[in-house]
1. Do any GluC sites (Glu not before Pro) in the range 258-363 lie in a loop, going by DSSP, with at most 11 other beta-carbon atoms within 10 Å of their beta carbon, and if so which?
2. Is the range 206-347 rounded, prolate or oblate when judged by the Cα gyration tensor, a ≥ b ≥ c being the square roots of its eigenvalues, rounded requiring a/c under 1.5 and prolate requiring a/b larger than b/c?
3. Set the bar at 30 Å for Cα to Cα. Now go through 101/251; 130/281; 316/403 and name every pair that lies beyond it.
4. In whole Hz, what ³J(HN,Hα) sequence does the range 163-179 give by Karplus (6.51, -1.76, 1.60; θ = phi - 60°), x for Gly and Pro?
5. Per residue of the range 252-260, what does 6.51 cos²θ - 1.76 cosθ + 1.60 with θ = phi - 60° give for ³J(HN,Hα)? Whole Hz please, x for Gly and Pro, Karplus curve as stated.
6. Would you mind telling me the share, in percent, of accessible area of the range 294-355 contributed by carbon and sulfur at probe 1.4 angstrom?
7. Taking square-rooted eigenvalues a ≥ b ≥ c of the alpha carbon gyration tensor, is the range 56-193 rounded, prolate or oblate, where a/c under 1.5 means rounded and, failing that, a/b exceeding b/c means prolate?
8. Would you grab the residues whose amide H sits under 5 Å from the one on residue 300? Only those 5+ places off in sequence or on another chain, please, with H modelled 1.01 Å from N.
Amino acid sequence: MMVAEDPNALSNSDELDVTLELEELAIDFITQLCRSTNTSKNVVDATSSESEGSSSNKPSIRLEMADRTKTSPVTGSYGSRFITFPKRSSTASVKLAQLFKVVDSMHEAVIERVPVTKRDIYYRDVPLFKDQRIVDTIVDDVAASLKLERSDLNVRATSKGIFCGSTLSIYLSSGEIVCGSDSEASLIPVGEEVNTFNVDEDLAWILIVEKDAVFQTLRHLNASNHPLLPGRGLLITGKGYPDMATRHLVKSLSDSLPETIPIMALVDGDPYGLDILSVYKYGSSRLRHENKKLAARRVEWMGLLSSELAGFGIDKDALIPISQHDEKKALSMIQRSQDVMPAKWRKELVHMLHTRRKAEIEILSSPVSSTPVSSRGCALLPSSVAEDDTFRRAPLLKYLHIKVTQFVNSARKHS
C-alpha cells in the first residue's frame, strides 16, 4: 500500500507571507527602539526631579507574544504576554537577543529554502542560549504568535523516535529509502523529508510504546513478526513524550490505513503515561496550533491499566506507590474537558488515586503465575497456551498476545 504525503514545501507566495511576518516582528522592535531613543532625552529631563528609582515615565519596548500556558475557553486561542525592555531584571536584554537570534535563523531558513533544526540554532550561539530548551521554547512561541506551524518557518526538530517492523518502508524526497526491519530499529525521519511510505498488505496491528527500554525488549522478542501474535505488526516509540517526527508518522498512518488495523498504545499505568497517550491522540496543549496535523484520534489505549493487573497474576503490593507529583498530575488531568479525557481514562486515574498505587510496564518483565488469565473483555487462554514456556519466560509477550488479539478481533468485527 503506497501512500503519498502531503507536500510540505512552501509556495513562493507562502514564503513571501512568512518572510513578511518575521520581518514585521523585527520592524516593530526597531520602530519602538527608534521612538524610545528619540524621546529618551525629553523623558530624562521630565523625570530629573523625580526619585532615582522611578521608572513609570521611561520609554519602553513591548513585543506581544502568544502565551501558550493560557487558552481561551471560548475561542481556544492562546492568551498574550509581553516581552518588555528595559526592565529591572538584567536578563531582559538577553531575552530580546535570544528571540531575534532565533527569528534571524528562521528568516534565513525560509529565504534560502534550507531547513534548520532547533539543535542547529542552539549551536550557532551556545553562550547566548546556554540551554537547548530555551531555543525550543522560543521557536514554538514565535510559531504560535504568528499563527504558523513550525514547518512553515522551515524549522525542524531533531528526530529521536524509532520504529521496528519490516512492513513499513519510508521513501524520502532525497531518493533514499528507510526500510523497516523486524530485528533492528530505524530512526523515524522528520515529516518534511518524507515523500511517500509503503505499508505491506499483511500489516495487522500497530503498537506505540512509551519507553525505549520496553521497545527494545519487544524488538529482541521479535514481537513485530512473532508467531504467537495475531499477524505482522509495527512497533513505534517516541522515547517518552514524542517528538514531531514520531507524531507525524503516527498521524499519517492513522489517516491512511484501514480501520481493520488497530493503532494501540502501551504506556505506564500512571498520570504521565496517560499524558503521553493524550499527546498522541489529542495533541499537545502547548502546541495547540499544530494539533490538526498531528493528533491521531484513532490511537487506542491498550494499557497498562493498574486496575486489570490482578487478572494477570500481579499482586497489588507489587505496584509502586504514587508520588506527590503523580497525585498533582492526576488531579490536574481529571479536570480536563471530556473531549480530551475519556471516561475510561478518568476512571483509571480515580482508581489510581484511591489505591495510591501505579503500574509501570516493567512489572510485566518479571515472571508471574502461569495460571489461566482473565480480564475484562478477554477470554481465558487455553491451558496449552497459558502454560507455554515462551509465555512463562516472557510475561510481557503473554500480555501482548491477549491484548493485541482482542484489539485486532474487535477492529475486524466493527469494520
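1. Working: sites: 259, 290, 300, 308, 327, 348, 360, 362; in loops: 259, 360.
Answer by residue number: 259.
2. Numbers: a/c = 1.73, a/b = 1.05, b/c = 1.66.
Verdict is oblate for the range 206-347.
3. Numbers: 101/251 32 Å; 130/281 33 Å; 316/403 20 Å.
Where the Cα-Cα span goes over 30 Å, the pairs concerned are 101/251; 130/281.
4. Computed from phi, the couplings for the range 163-179 are 9, 9, x, 6, 7, 10, 10, 10, 9, 8, 5, 6, x, 6, 10, 9, 9 Hz.
5. 4, 5, 4, 6, 9, 8, x, 5, 6
6. That fraction is 53 percent.
7. Working: a/c = 2.63, a/b = 2.04, b/c = 1.29.
Prolate shape, in that a/c is at least 1.5 and a/b is the bigger ratio.
8. 263, 264, 265
The values are calculated or read from the model by the stated rules, or taken from the named source; none is laboratory data. Because the structure is predicted, anything quoted here is derived from the model rather than measured. Using ideal geometry, Cβ is built from the backbone for each residue, glycine included, and neighbour counts are taken over all protein chains shown. Each accessible area value is taken on the protein alone, full model and side chains, heavy atoms only, with ligands, DNA and RNA left out. Shrake-Rupley method; radii C 1.70, N 1.55, O 1.52, S 1.80 Å.
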